[in-house]
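Chemist: I have a structure here, written as structure tokens, and I will follow up with some questions on it.
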Amino acid sequence: MRPILLSGHERALTQVKYNKDGDIIFSVSKDHIVCAWYSANGERLGTYHGHQGALWTVDVDPTSTLLATGGADNTMRLWEVETGKLLKTWDFGSSIKRVEFSPDGRQLLGVTEKRVGHVSSIVVYDIDAEKGTEQSDEHALRIVIDYSKATVAGFSYHAKYIIVGHEDGKISQWDGKTGEWLNEIEPHEADITDIQWAPDRTYFISASKDKTAKLIGTTDLEIMKSYATDTPLNSAAITPIKDYVILGGGQAAMDVTTTSARQGKFEARFWHKIFEEEIGRVRGHFGPLNYVAVDPTGKGYCSGGEDGYVRVHHFDKTYFDFAYEVERELGTNGTTQARI
Amino acid sequence: MAPSYDNLPSDEENDIEEEIDFSDLYEQYDVRLEESFDAFVVLDGLPVVPDENRPKLIKFILKKLNAVGKVRDGELGITMPLNDNGMTDGFAFVEFSSPKEAAAAVKQLNGSAIDKKHTMTVNKVSDIERYGREGRVNEEYTPPPVVKFEQKEHLRWWLKDIDARDQMVMFRGDHVGVFWNEKEDPPEQIIDRQHWTEAFVQWSPLGTFLTSIHAQGVQLWGGESWSRQKRFAHPGVNLVDFSPNENFLTTWSHRPITVEEGNPFLSAEEDGKNYIIWDLATGKPLRSFVTLDLPGPTTDEQGNPVKKKIQWPAFKWSSDDKYVARMTFGQSISVYELPKMNLLDKTSIKIEGVQDFEWAPASPHRDSIREYEQLFCFWTPELGSSPARVGLMTIPSKEIVRTRNLFNVSDAKLHWQSDAKYVCVKVDRHSKSKKSMATNLEIFRVQEKGVPVEVVDSLKDTVINFAWEPKGDRFVLITAGEMPVNAAVPPKTSVSFFCPEKSKGTAVGNFKHIRTIDKKNSNAIYWSPKGRFVVVATIHSQQSFELDFWDMDFEGDKDEKDKDFAANLQLMATAEHYGVTDVEWDPTGRYVATVASVFRHAAENGYHIYDFRGTLLREEAIERFKQLLWRPRPPSLLSKEEMKKVRKNLREYSQIFIEQDASRRDAGNRAVIEERRQKLESWLEWREEQVRRIIEEFGSIDGFMGKDEEKEAEDDAEVVEEIVEEIIEEREEEIS
């Protein structure tokens, strides 16, 4: 199906997110504005004004009542999804690179950037939707990353662990309650640019500038699968329903000599999650893909590009029908999610 | 006060001076004493004379010596000692003014006669030292040991491959590897060596050897172990050319060779030369030559030296390896006989104004001539009032078989058909005003009686490329409009196909134009080595990368208007390979490899492999990919009858191969499927384990709410259907 082009931003997109029901897409960009869109038709539902700088990150809680954002104005903000009301602003000494709600929506995590006089850290706040603007000023947990700075982080299943991706390609595991360091691996050779969860958060996918993406188990941090591409990756997502992963990236304009769309490799790449084989590519962006997000209901995906556009794709019937012979034989039909 | 050790100037005081590096000055002004005896020679075998005759003899010898090199200090440079009896002993020491002159004297005067009785020997003092001392040379003759016979490797082993796969060499980065072509699958590596060559690799024409190029010379590799077979020490070698039957080899270097004394491979003969022609079997040089510069300005308009284009190959081989010839531009053609490399009939063939020549690529079978001689074709431009001329000359009889006069010729190119059945002379002609250009094709039917010439002159534009069908009668050419001045984009080109008219009997009919495809960018033609199929490509272009796969004998229905043609032209497929620089058919005509080589540009280097129909089988991007070359095959050993038989029973044979292919594909598929099954099963296992552990710990998998709660929530939910109608626009229209 033809993608829907969301052209509401004036600058490069930094993150796009679906809500849990998959009917709303939130997008943030370097133009300081948060947008909410209907995923079905691409109509803009509203905007959230208040940030004073480029936005890096957005997340919505599982009930689609609260929205969290973070950006280069050194603030992390909490909004009411329905009204666009700003509920709370937390100030920091450096910009916020990533925000994420816990699976139950009662905790909010933020990654602060390392800068002169400020260490890279992970902060966690308790959130109570009932309290409205009366959210706690005090963080419930603060993890200081005193070696290679954190670029991305997220909560595991039941918020048991916090998984952190680092600039040097390492991924570390911390206790979600106490903030205690537990484990660490080095799956990549360059910046970890993204970590996204499987629907039940028992495993996740990491994307890196080293042109690979890896599927890693949450509990034991074992590298399950590896997807090697020919371009630096900015984002990777795991599709529900079908056993695929979507990788997005592209040579940054400053790194290529001839910036034709052909050379830049600005395509969303579909790989089979289990067989580690590339299945197809989706073209369209004329700049690197900064983020790919999948609809939690599995009906589509969207990508936000350096070119300032969000492209929303709804999967066709053939997408759902396709299955490898082996998958038919074992009765999974490309859908191992449904078995749990 | 006597100096004591304490008062001696300490070393430290001198340090400052010593820190400055004077070594370059020392080197420059250092007085070098002539220590070696290279400038000295010993004369022996001179007449024995008394002291009073000595000056006379010295004078006499000096005269002889000075003819070759200057003797230092004249007569004083010759020392002729006397023995106890006051007589000379028949020898003398001579000092020349330089070692070079001494060496020349040894070479030229050794063994020369002084008078009827005396023969002079001339040796270097250092040689006398080396060999003349007692014990240095064994007095007794010992026969050289006969080396035990060693079985050499089979140099054509690759032809024994049971699946008749073809080999290809790939040069990427610093690595040179040889692979079996495996069609869609990754090629099977046979060998891979780092730094195997310093410049490029090349197969010998029959595929026996792989050639590597080094600063020191050329090396040939072969056999199943890829061991070194031959070495040709041509320092600074740039290019290599083999004779068609791999008997001889030409090497060329841009820089003239300098041969140091004591070089074990080359002698003073090769000093200052650019070309060496080698005997491949012995590895010895046969003869060497200097580069002949093409006439033309040596400096451009700004006075900078012009980089001269060299003609390559300048030494052209006849098809039977018996002759090699080189043209002296505008003057003559020198034909050398092999293996002696003597000039045929001791003289070059004078052809005034000769511009180019080409040997027939096969021994031509001319009508009513029993003894097949070698043949070459040449052309000369208009000179004064005499017209331009194309000629065919036989070798060794030097008989002119056919000439043809032409007018208004700007340039001509000679294209032989691979069996030497035809030679097509592509003549670029200018109009009288010299403003517009057009091309004529003059096709000489070499095998027919009297060598008739057929002219194709229906071409409006200039022909930029032309190619005969190998072993066939058809050809393809590409024409281009005139290049506008300073245009950034080259003009569009047209591709035209020609074939002979159908005729009764065995004779080949007149050449007819089949079709022209306009508005193309194509600039290169690649025929399948077996004929019939041809790829027309656009290479070295920034904008266009098309590869058109044509079939000249399409088996489908034939257009009514084409019924008189001995061809049925059909475009089978069009492919595109970004940045393609080279196109190579495999020797069997089954596959086509296209290469984007880093020799030309650095974008998306790698290769594609197509089948002859233009179906892409495989593509691989490899950083710093340089070359892909198919290994040539020697001619088939089957007789014509046997080949006919194979062709007749092709269906039977092909059945076997189809089955083999199918079973192999099945086996491959089975392996892939098995691997996938394992992956899927282990994944499912892992997932179940993970989920079980989490449920054990937390009671549910979903962190937000328990499964049961979720269900309840769903049950509680009330479905409200709401229909909203909105009038967007109302418009009234008059309908007439």
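Chemist: What's the long-distance tail for region B:643-700, i.e. % of Cα pairs beyond 16 Å? Don't skip to the end; give the middle numbers.
Modeler: Numbers: 1123 of 1653 pairs.
Cα-Cα pairs in region B:643-700 separated by more than 16 Å: 68 percent.
Chemist: Here is a follow-up. State whether region B:471-626 is rounded, prolate or oblate according to the following rule on the C-alpha gyration tensor (a ≥ b ≥ c being the square roots of its eigenvalues): a/c under 1.5 gives rounded; otherwise a/b larger than b/c gives prolate, and the remaining case gives oblate. Can you show the working numbers first?
Modeler: Numbers: a/c = 2.54, a/b = 1.51, b/c = 1.68.
It is oblate, given that a/c is not under 1.5 and a/b is not larger than b/c.
Chemist: Name the residue, out of A:Asn19, A:Asn234, A:Asn183, whose mean-square fluctuation peaks in a Gaussian network model built on chain A with Cα pairs under 10 Å.
Modeler: Ranking A:Asn19, A:Asn234, A:Asn183 by mean-square fluctuation puts A:Asn183 first.
Chemist: B:Arg624 to B:Asn110: extension gain in nm, 0.36 nm per residue of separation minus the Cα-Cα distance?
Modeler: Gain in length upon complete extension: 179.3 nm.
Chemist: Where does chain A land at 222 nm, in deg cm²/dmol rounded to the nearest 500, when only DSSP H runs of n ≥ 4 count, each adding -39500 (n - 2.57), divided by all residues? Could the numbers behind the result be given before it?
Modeler: On the way: 3 runs with 14 residues, N = 340.
Result for chain A: -500 deg cm²/dmol, rounded to the nearest 500.
Chemist: So what are the three principal axis dimensions of region A:103-186 from its Cα atoms, in whole Å, longest to shortest?
Modeler: 40, 31, 17
Chemist: Residue separation times 0.36 nm, minus the C-alpha to C-alpha distance between B:Val646 and B:Asp367: what's the value?
Modeler: 97.5 nm
Chemist: Quick check: pseudo-label points 7 Å beyond the Cα along Cα→Cβ at B:Ser98 and B:Leu82, how many nm apart are they?
Modeler: In this crude label model, B:Ser98 to B:Leu82 measures out at 3.7 nm.
Chemist: Fewest first, what order do A:Ser206, B:Ser385 take by the number of other Cβ atoms within 10 Å? Before the final figure, lay out each step's value.
Modeler: Numbers: A:Ser206 25, B:Ser385 5.
Ranked by crowding around the Cβ, least crowded first: B:Ser385, A:Ser206.
Chemist: Still on this structure, please answer the following. Please state the Cα pair-distance histogram of chain B with 20 angstrom bins from zero: what percent is in each bin?
Modeler: The distribution over chain B is 11, 33, 26, 18, 9, 2, 1, 0, given as percents.
Chemist: If R₀ is 60 angstrom, what is the calculated FRET efficiency for the pair B:Glu725 and B:Val455, using the beta carbon separation as r and rounding to 0.05?
Modeler: Efficiency, rounded to the nearest 0.05: 0.15.
Chemist: How much length is gained on full extension from B:Arg692 to B:Glu399, taking 0.36 nm per residue of separation minus their Cα-Cα distance?
Modeler: On the way: separation 293, 0.36 × 293 = 105.48 nm, distance 9.54 nm.
Residue separation times 0.36 nm, minus the Cα-Cα distance, leaves 95.9 nm.
Chemist: With a Cα-only, solvent-free Debye model of region A:4-339, what are the log10 I(q)/I(0) values at q = 0.11, 0.13, 0.14, 0.15 Å⁻¹?
Modeler: -0.66, -0.94, -1.11, -1.30
Chemist: Under 19 Å from the Cα of B:Lys561, which aspartates and glutamates turn up, not counting those fewer than eight places away in the same chain?
Modeler: Leaving aside aspartates and glutamates fewer than 8 places away in the same chain, those within reach of B:Lys561 are B:Glu501, B:Asp551, B:Asp553.
Chemist: Here's something else I'd like to know. Taking only Cα atoms and a 10 Å spring cutoff, compute GNM fluctuations for chain A and point out the largest among A:His166, A:His139, A:His51.
Modeler: A:His139
Chemist: Under the √(5λ) rule applied to the eigenvalues of the Cα gyration tensor, what semi-axes describe the equivalent ellipsoid of region B:53-188? Give them in Å, descending. All intermediate terms of the calculation are to be shown ahead of the outcome.
Modeler: Numbers: eigenvalues 800, 97, 36 Å².
Gyration-tensor ellipsoid for region B:53-188: 63, 22, 13 Å.
Chemist: Going down the list B:Lys512/B:Lys648; B:Lys530/B:Lys640; A:Lys20/A:Lys209, which pairs span over 19 Å between their C-alpha atoms?
Modeler: Details: B:Lys512/B:Lys648 30 Å; B:Lys530/B:Lys640 15 Å; A:Lys20/A:Lys209 28 Å.
Check vs 19 Å cut-off fails for B:Lys512/B:Lys648; A:Lys20/A:Lys209.
Chemist: Also, quick follow-up: Rank B:Thr250, B:Leu343, B:Ala233 by how far each Cα sits towards the positive end of the charge dipole of region B:199-343 (+1 on Lys, Arg Cβ; -1 on Asp, Glu Cβ) and give me just the farthest.
Modeler: B:Thr250
Chemist: Lysine pairs, Cα distance under 13 Å, 8 or more residues apart or cross-chain: how many in region B:40-132? Before the final figure, lay out each step's value.
Modeler: Details: B:Lys56/B:Lys64; B:Lys70/B:Lys100; B:Lys100/B:Lys124; B:Lys107/B:Lys124.
Final tally of qualifying lysine pairs is 4.
Chemist: Moving on. Out of region B:80-171, which chymotrypsin sites (Phe, Trp or Tyr not before Pro) are coil in DSSP terms and have no more than 11 other C-beta atoms within 10 Å? All intermediate terms of the calculation are to be shown ahead of the outcome.
Modeler: On the way: sites: B:Phe91, B:Phe93, B:Phe96, B:Tyr131, B:Tyr141, B:Phe149, B:Trp157, B:Trp158, B:Phe171; in loops: B:Tyr141, B:Phe149.
Passing both the DSSP loop test and the Cβ count: B:Tyr141, B:Phe149.
Chemist: Note down the magnitude of the dipole of region B:335-477 about its Cα centre, charges +1 on Lys and Arg C-beta and -1 on Asp and Glu C-beta and zero elsewhere, to the nearest 20 debye. The partial results should precede the final answer.
Modeler: Details: 21 positive and 20 negative charges, 53 e Å.
About 260 debye.
Chemist: Let me ask something else. Taking the Cα centre of the protein assembly as shown as the origin and placing charges on Cβ (Lys, Arg +1; Asp, Glu -1), which of A:Leu221, B:Ile656, B:Ile333 is farthest toward the positive end of the dipole?
Modeler: B:Ile333
Chemist: Continuing with this model, one more query. What do you get for GluC sites (Glu not before Pro) in region B:589-675 restricted to DSSP loop and a cutoff of at most 12 other Cβ within 10 Å of the site's Cβ? Before the final figure, lay out each step's value.
Modeler: On the way: sites: B:Glu604, B:Glu619, B:Glu620, B:Glu623, B:Glu641, B:Glu642, B:Glu652, B:Glu659, B:Glu674, B:Glu675; in loops: B:Glu604, B:Glu623.
Those satisfying the criteria are B:Glu623.
Chemist: Determine, from the Cβ-Cβ distance of B:Ile310 and B:Asn669 and an R0 of 56 Å, the FRET efficiency 1/(1 + (r/R0)^6), rounded to the nearest 0.05.
Modeler: Values: r = 53 Å, r/R0 = 0.94.
Rounded to the nearest 0.05, the efficiency is 0.60.
Chemist: Next question, about the same structure. Given the convex hull over the Cα atoms of region B:349-483, what projected area results after averaging over all orientations, in nm²?
Modeler: Numbers: hull surface 34.1 nm².
The Cα convex hull of region B:349-483, projected and averaged over all directions, gives 8.5 nm².
Chemist: Mean separation of Cα pairs under 8 Å and 6+ residues apart, divided by the residue count of chain B: what relative contact order is that in percent? List each step's numbers first, then the result.
Modeler: Numbers: 1367 pairs, mean separation 42.9, N = 736.
This gives 6 percent for chain B.
Chemist: Please list log₁₀ I(q)/I(0) at q = 0.15 Å⁻¹ for region B:40-132, using the Debye equation with identical point scatterers on the alpha-carbon positions.
Modeler: Values returned for q = 0.15 Å⁻¹ are -0.52.
Chemist: Nearest 500 deg cm²/dmol is fine: what mean residue ellipticity at 222 nm does chain B get from its DSSP H runs of n ≥ 4 alone, each adding -39,500 (n - 2.57), divided by its residue count? Walk me through the intermediate numbers first.
Modeler: Values: 7 runs with 108 residues, N = 736.
Roughly -5000 deg cm²/dmol at 222 nm, from the helical runs in chain B.
Chemist: 7 Å from Cα along Cα→Cβ at both B:Ala268 and A:Arg328: what's the point-to-point distance in nm?
Modeler: Distance between the two pseudo-spin positions: 8.4 nm.
Chemist: Could I ask something else about it? If neighbour count is taken as other Cβ atoms inside 10 Å, put B:Val106, B:Val720 in order from fewest to most. Show your work: numbers first, answer last.
Modeler: Working: B:Val106 19, B:Val720 5.
The most exposed by this proxy come first: B:Val720, B:Val106.
Chemist: DSSP loop GluC sites (Glu not before Pro) in region A:137-225 with at most 11 other Cβ atoms within 10 Å of their Cβ, which ones?
Modeler: On the way: sites: A:Glu138, A:Glu167, A:Glu180, A:Glu184, A:Glu189, A:Glu222; in loops: A:Glu138, A:Glu167, A:Glu180, A:Glu189, A:Glu222.
Listed in order of number, the matching sites are A:Glu138, A:Glu180.
Chemist: For region B:40-132, calculate the relative contact order in percent as a whole number, restricting contacts to Cα pairs under 8 Å that are 6 or more residues apart. List each step's numbers first, then the result.
Modeler: Details: 152 pairs, mean separation 36.6, N = 93.
Answer for region B:40-132 is 39 percent.
Chemist: Given a Förster radius of 35 Å and the C-beta distance between A:Gln52 and A:Leu5 as r, what FRET efficiency does 1/(1 + (r/R0)^6) yield to the nearest 0.05? Working shown, then result.
Modeler: Values: r = 28 Å, r/R0 = 0.80.
It comes to 0.80.
Chemist: Where nothing but the Cβ of Lys and Arg (+1) and of Asp and Glu (-1) is charged, how large is the charge dipole of region A:4-339 around its Cα centre, in debye to the nearest 20? Could you put the intermediate results ahead of the total?
Modeler: On the way: 36 positive and 49 negative charges, 112 e Å.
Result for region A:4-339 is approximately 540 debye, rounded to the nearest 20.
Chemist: Also, I was wondering about something else. Tell me, what is the percent relative contact order of chain A, built from C-alpha pairs under 8 Å that lie six or more residues apart?
Modeler: Numbers: 984 pairs, mean separation 45.1, N = 340.
Contact order relative to length: 13 percent.
Chemist: Among B:Ser503, B:Ser433, B:Ser700, which comes first, second and so on when ranked by fewest other beta-carbon atoms within 10 Å? Walk me through the numbers on the way to the answer.
Modeler: On the way: B:Ser503 12, B:Ser433 6, B:Ser700 17.
Ranked by crowding around the Cβ, least crowded first: B:Ser433, B:Ser503, B:Ser700.
Chemist: In the protein assembly as shown, if the dipole is taken from +1 on Lys/Arg beta carbons and -1 on Asp/Glu beta carbons about the Cα centre, which of A:Gly117, B:Val137, B:Trp196 is farthest to the positive end?
Modeler: Of the options given, the answer is B:Val137.
Chemist: Another one. Give the Cα extents of region B:174-328 along the principal axes, in whole Å, largest first.
Modeler: The Cα atoms of region B:174-328 stretch 54, 39, 34 Å along the principal axes, largest first.
Chemist: Okay, next question. Using Cα springs under 10 Å in a Gaussian network model of chain A, which residue among A:Lys114, A:Lys317, A:Lys20 shows the largest mean-square fluctuation?
Modeler: Per the Cα network of chain A with a 10 Å cutoff, A:Lys317 tops the list.
Chemist: Okay, moving on. Taking the radius of gyration and the Kirkwood hydrodynamic radius from Cα positions alone, what is the Rg/Rh ratio for the protein assembly as shown, to two decimal places?
Modeler: On the way: Rg = 42.0 Å, Rh = 37.7 Å.
Computed over Cα atoms, the ratio is 1.11.
Chemist: Please report, in debye to the nearest 20, how large the charge dipole of region B:41-199 is about its Cα centre when each Lys and Arg carries +1 at its beta carbon and each Asp and Glu carries -1 there.
Modeler: Numbers: 23 positive and 27 negative charges, 200 e Å.
I would put it at about 960 debye.
Any read-out appearing in this document is the output of simple, stated calculations on the displayed coordinates, not a laboratory observation. Note that the structure is predicted; figures quoted are calculated from it, not measured. Note that we place each Cβ from the backbone using ideal geometry, even for glycine, and neighbour counts take in every protein chain shown.
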